[in-house]
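Chemist: Once you've had a glance at the structure underneath, I'll fire off some questions.
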Amino acid sequence: MKRVLLLLMLAVPMALSAQFKYKEVKTNPKYLSGAVSTASDGKVYVERTVNVAGKSVKEVMAEVDLLFGSVVAPAKYVEVSRSDNMRIYRMEDELIFRRSFIATNVATMSARMMVSVSGDVCTICFDNIMYMQGTSSTTTTGMPHEKWTSGWSVADNNVEVITAEESISDKEAVKTANKKYKTSGVISSNGGFYAQTEEVPSYEYLTRWSAKYRVKTIDYVEAVVAVLQKRLDK
(Lines give C-alpha, C1' and ligand atoms only; values in the text may rest on other atoms or scores of the structure.)
Protein backbone atom coordinates (compact mmCIF):
# COMPACT_ATOMS: atom_id res chain seq x y z
CA MET A 1 0.00 0.00 0.00
CA LYS A 2 1.32 3.41 -0.94
CA ARG A 3 1.74 5.70 2.02
CA VAL A 4 0.99 9.00 0.31
CA LEU A 5 0.91 11.04 3.50
CA LEU A 6 4.37 9.80 4.46
CA LEU A 7 5.72 10.55 0.98
CA LEU A 8 4.27 14.04 1.09
CA MET A 9 5.82 14.75 4.45
CA LEU A 10 9.20 13.48 3.25
CA ALA A 11 9.01 15.69 0.16
CA VAL A 12 7.73 18.85 1.81
CA PRO A 13 7.83 18.27 5.57
CA MET A 14 7.05 21.81 6.63
CA ALA A 15 4.03 22.00 4.34
CA LEU A 16 2.00 19.47 6.29
CA SER A 17 3.39 19.27 9.80
CA ALA A 18 4.56 22.79 10.66
CA GLN A 19 2.63 24.76 13.26
CA PHE A 20 0.58 27.45 11.59
CA LYS A 21 1.67 31.00 12.43
CA TYR A 22 -0.44 33.75 10.92
CA LYS A 23 2.18 36.51 11.13
CA GLU A 24 4.65 34.45 9.08
CA VAL A 25 2.27 34.05 6.12
CA LYS A 26 0.07 37.15 6.33
CA THR A 27 1.77 38.97 3.42
CA ASN A 28 3.63 36.08 1.76
CA PRO A 29 3.10 36.49 -2.03
CA LYS A 30 2.92 32.70 -2.42
CA TYR A 31 -0.52 32.70 -0.80
CA LEU A 32 -1.98 35.96 -2.11
CA SER A 33 -4.05 36.80 -5.21
CA GLY A 34 -3.98 34.11 -7.89
CA ALA A 35 -2.74 31.28 -5.69
CA VAL A 36 -6.30 29.93 -5.62
CA SER A 37 -8.61 30.04 -8.65
CA THR A 38 -12.35 30.63 -9.00
CA ALA A 39 -14.35 29.30 -11.96
CA SER A 40 -17.06 31.28 -13.74
CA ASP A 41 -19.70 29.50 -11.65
CA GLY A 42 -18.03 30.62 -8.43
CA LYS A 43 -16.52 27.24 -7.57
CA VAL A 44 -13.04 27.40 -6.02
CA TYR A 45 -10.18 25.17 -7.12
CA VAL A 46 -6.42 24.88 -6.67
CA GLU A 47 -4.50 23.82 -9.77
CA ARG A 48 -0.82 23.17 -10.36
CA THR A 49 1.16 21.48 -13.14
CA VAL A 50 3.97 18.94 -13.41
CA ASN A 51 6.49 18.87 -16.26
CA VAL A 52 6.30 15.43 -17.91
CA ALA A 53 8.47 16.10 -20.98
CA GLY A 54 10.01 12.86 -22.21
CA LYS A 55 7.36 10.69 -20.57
CA SER A 56 4.48 9.01 -22.37
CA VAL A 57 0.92 9.35 -21.11
CA LYS A 58 1.03 5.68 -20.17
CA GLU A 59 4.18 6.16 -18.08
CA VAL A 60 2.72 9.18 -16.27
CA MET A 61 -0.55 7.41 -15.50
CA ALA A 62 1.35 4.38 -14.23
CA GLU A 63 3.16 6.57 -11.67
CA VAL A 64 -0.13 8.21 -10.69
CA ASP A 65 -1.69 4.79 -10.13
CA LEU A 66 1.26 3.66 -8.03
CA LEU A 67 1.20 6.81 -5.93
CA PHE A 68 -2.52 7.13 -5.27
CA GLY A 69 -3.86 3.66 -6.00
CA SER A 70 -3.98 2.54 -2.39
CA VAL A 71 -3.49 4.77 0.62
CA VAL A 72 -3.47 3.97 4.32
CA ALA A 73 -5.12 6.08 7.03
CA PRO A 74 -5.28 8.90 7.88
CA ALA A 75 -5.13 9.84 4.19
CA LYS A 76 -7.70 8.28 1.87
CA TYR A 77 -7.77 8.41 -1.93
CA VAL A 78 -10.69 6.65 -3.61
CA GLU A 79 -10.65 6.39 -7.40
CA VAL A 80 -14.01 7.25 -8.96
CA SER A 81 -13.18 7.61 -12.65
CA ARG A 82 -10.40 6.86 -15.12
CA SER A 83 -9.47 7.18 -18.77
CA ASP A 84 -6.25 6.82 -20.74
CA ASN A 85 -5.04 10.28 -19.77
CA MET A 86 -7.05 11.11 -16.62
CA ARG A 87 -7.70 9.86 -13.11
CA ILE A 88 -10.27 11.30 -10.70
CA TYR A 89 -10.08 10.59 -6.98
CA ARG A 90 -12.12 11.51 -3.96
CA MET A 91 -9.52 12.35 -1.35
CA GLU A 92 -9.56 13.06 2.34
CA ASP A 93 -6.70 13.98 4.64
CA GLU A 94 -5.86 15.82 7.82
CA LEU A 95 -4.56 19.38 7.90
CA ILE A 96 -2.62 20.18 11.06
CA PHE A 97 -2.77 23.81 12.14
CA ARG A 98 -1.44 23.38 15.65
CA ARG A 99 -0.71 20.33 17.77
CA SER A 100 0.78 20.16 21.25
CA PHE A 101 0.27 18.38 24.57
CA ILE A 102 -2.28 20.97 25.68
CA ALA A 103 -4.03 21.99 22.45
CA THR A 104 -4.83 20.53 19.06
CA ASN A 105 -6.27 22.36 16.06
CA VAL A 106 -6.80 20.19 12.99
CA ALA A 107 -9.30 19.86 10.17
CA THR A 108 -10.18 17.09 7.74
CA MET A 109 -9.92 18.33 4.16
CA SER A 110 -12.10 16.58 1.59
CA ALA A 111 -11.81 17.25 -2.14
CA ARG A 112 -11.98 15.87 -5.65
CA MET A 113 -8.55 15.47 -7.19
CA MET A 114 -8.25 15.31 -10.98
CA VAL A 115 -4.98 14.31 -12.61
CA SER A 116 -4.77 14.72 -16.39
CA VAL A 117 -2.05 14.70 -19.03
CA SER A 118 -1.88 16.81 -22.19
CA GLY A 119 1.36 17.04 -24.15
CA ASP A 120 4.29 17.71 -21.81
CA VAL A 121 2.09 18.86 -18.93
CA CYS A 122 0.35 16.92 -16.19
CA THR A 123 -2.30 19.01 -14.42
CA ILE A 124 -3.37 18.32 -10.85
CA CYS A 125 -6.57 20.05 -9.80
CA PHE A 126 -8.30 19.99 -6.41
CA ASP A 127 -11.92 21.17 -6.38
CA ASN A 128 -15.13 20.54 -4.40
CA ILE A 129 -12.98 21.34 -1.39
CA MET A 130 -14.48 21.23 2.10
CA TYR A 131 -13.09 21.27 5.62
CA MET A 132 -14.58 19.40 8.57
CA GLN A 133 -13.60 20.57 12.00
CA GLY A 134 -14.99 19.61 15.38
CA THR A 135 -14.97 17.11 18.21
CA SER A 136 -15.93 14.05 16.17
CA SER A 137 -14.22 12.64 13.10
CA THR A 138 -16.36 12.48 9.96
CA THR A 139 -15.46 10.86 6.66
CA THR A 140 -16.99 11.28 3.24
CA THR A 141 -14.93 9.05 0.96
CA GLY A 142 -17.44 6.21 1.15
CA MET A 143 -20.28 8.33 -0.16
CA PRO A 144 -21.65 7.81 -3.69
CA HIS A 145 -20.31 10.04 -6.43
CA GLU A 146 -23.51 12.10 -6.73
CA LYS A 147 -23.36 12.97 -3.03
CA TRP A 148 -20.02 14.70 -2.99
CA THR A 149 -20.31 16.42 -6.37
CA SER A 150 -23.35 18.34 -5.16
CA GLY A 151 -22.30 18.74 -1.52
CA TRP A 152 -23.30 16.78 1.56
CA SER A 153 -24.62 17.22 5.04
CA VAL A 154 -22.95 16.14 8.25
CA ALA A 155 -25.25 14.61 10.84
CA ASP A 156 -22.93 15.15 13.78
CA ASN A 157 -23.71 18.58 15.21
CA ASN A 158 -20.25 18.75 16.76
CA VAL A 159 -18.62 18.92 13.34
CA GLU A 160 -18.50 22.19 11.43
CA VAL A 161 -18.34 21.97 7.63
CA ILE A 162 -16.62 24.87 5.86
CA THR A 163 -16.55 25.19 2.07
CA ALA A 164 -13.64 26.51 0.04
CA GLU A 165 -15.94 29.14 -1.47
CA GLU A 166 -16.57 30.70 1.93
CA SER A 167 -13.02 30.41 3.22
CA ILE A 168 -10.08 30.23 0.77
CA SER A 169 -11.18 32.15 -2.35
CA ASP A 170 -9.36 35.36 -3.25
CA LYS A 171 -12.59 37.23 -2.48
CA GLU A 172 -12.82 35.89 1.07
CA ALA A 173 -9.19 35.36 2.01
CA VAL A 174 -7.25 38.21 0.40
CA LYS A 175 -7.74 41.86 1.34
CA THR A 176 -5.93 45.07 0.39
CA ALA A 177 -4.74 47.59 2.92
CA ASN A 178 -5.35 51.10 1.57
CA LYS A 179 -2.51 53.50 0.86
CA LYS A 180 -1.73 55.65 3.89
CA TYR A 181 0.24 58.78 4.66
CA LYS A 182 2.32 58.76 7.83
CA THR A 183 3.36 62.07 9.33
CA SER A 184 6.25 62.35 11.78
CA GLY A 185 8.29 65.12 13.34
CA VAL A 186 11.84 65.61 12.10
CA ILE A 187 14.63 67.77 13.54
CA SER A 188 16.71 69.42 10.82
CA SER A 189 20.48 69.89 10.85
CA ASN A 190 20.12 73.49 12.06
CA GLY A 191 17.97 72.41 14.99
CA GLY A 192 14.62 73.35 13.48
CA PHE A 193 11.58 71.09 13.73
CA TYR A 194 9.25 70.26 10.85
CA ALA A 195 6.68 67.67 9.86
CA GLN A 196 7.55 65.04 7.26
CA THR A 197 4.89 63.04 5.44
CA GLU A 198 5.74 59.55 4.22
CA GLU A 199 3.57 57.55 1.83
CA VAL A 200 2.85 53.96 2.92
CA PRO A 201 1.78 52.05 -0.22
CA SER A 202 -1.17 49.67 -0.27
CA TYR A 203 -0.49 45.96 0.08
CA GLU A 204 -2.33 42.64 0.08
CA TYR A 205 -2.72 40.46 3.14
CA LEU A 206 -4.52 37.30 4.20
CA THR A 207 -7.46 37.57 6.56
CA ARG A 208 -6.76 35.86 9.85
CA TRP A 209 -9.73 33.46 9.83
CA SER A 210 -9.21 32.22 6.26
CA ALA A 211 -5.43 32.11 6.29
CA LYS A 212 -4.90 28.72 7.91
CA TYR A 213 -7.24 26.93 5.50
CA ARG A 214 -5.83 28.65 2.42
CA VAL A 215 -2.18 28.25 3.37
CA LYS A 216 -2.41 24.59 4.37
CA THR A 217 -4.48 23.71 1.28
CA ILE A 218 -1.99 25.36 -1.07
CA ASP A 219 0.91 23.66 0.72
CA TYR A 220 -0.85 20.30 0.48
CA VAL A 221 -1.50 20.57 -3.27
CA GLU A 222 2.06 21.69 -3.92
CA ALA A 223 3.38 18.80 -1.83
CA VAL A 224 1.42 16.37 -4.02
CA VAL A 225 2.89 18.03 -7.11
CA ALA A 226 6.42 17.84 -5.66
CA VAL A 227 6.11 14.12 -4.94
CA LEU A 228 4.79 13.28 -8.40
CA GLN A 229 7.43 15.45 -10.08
CA LYS A 230 10.16 13.72 -8.09
CA ARG A 231 8.92 10.27 -9.10
CA LEU A 232 8.70 11.21 -12.78
CA ASP A 233 12.19 12.73 -12.76
CA LYS A 234 13.79 9.41 -11.79
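The values are calculated or read from the model by the stated rules, or taken from the named source; none is laboratory data. These figures come from a predicted structure and were not determined experimentally. Please note: Cβ atoms are built from the backbone with ideal geometry, for glycine as well, and neighbour counts cover all protein chains shown. To get the accessible areas, we keep the full protein, side chains included, count just its heavy atoms, and leave off ligands, DNA and RNA. Shrake-Rupley method; radii C 1.70, N 1.55, O 1.52, S 1.80 Å.
Chemist: Find all pairs meeting these conditions: Cβ atoms under 7 angstrom apart; at least six residues apart or on different chains; first residue within segment 161-177 and assigned to a helix (DSSP H, G or I); second residue of a type outside the set (Val, Ile, Thr) and open to solvent by 20 Å² or more (accessible area, probe 1.4 Å).
Modeler: What qualifies is Asp170/Ser33; Glu172/Glu166.
Chemist: Just need a number here: residues in segment 100-123 that are of a type in the set (Ser, Thr, Tyr), open to solvent by less than 40 Å² (accessible area, probe 1.4 Å) and out of contact with any Asp or Glu (no Cβ under 8 Å at 6 or more places or on another chain).
Modeler: Qualifying residue count, segment 100-123: 1.
Chemist: If the requirement is being among the aromatic types (Phe, Trp, Tyr), surrounded by 15 or more Cβ atoms within 10 Å (Cβ to Cβ) and at pLDDT 95 or above, which of these qualifies: Phe126, Phe68, Phe97?
Modeler: Phe126
Chemist: Continuing with the same structure: Pairs needed: first member in segment 20-35, among the aromatic types (Phe, Trp, Tyr); second member anywhere, open to solvent by 30 Å² or more (accessible area, probe 1.4 Å) and in a helix (DSSP H, G or I); C-beta distance under 9 Å; at least 6 residues apart or different chains.
Modeler: Going by the 9 Å Cβ cut-off, the qualifying pairs are Phe20/Lys212; Tyr22/Arg208; Tyr22/Lys212.
Chemist: Hey, another quick one. Considering only residues that are open to solvent by 40 Å² or more (accessible area, probe 1.4 Å), in contact with a helix residue (DSSP H, G or I) (Cβ under 6 Å, 6 or more places away or on another chain) and farther than 19 Å from Met130 by Cα, which ones fall in segment 26-54?
Modeler: Selection gives Ser33 alone.
Chemist: Evaluate the following for Met132: is it open to solvent by 30 Å² or more (accessible area, probe 1.4 Å) and either more than 21 Å from Gln19 (Cβ to Cβ) or modelled with pLDDT of 80 or more (or both)?
Modeler: No; evaluated as a whole, the condition is false for this residue.
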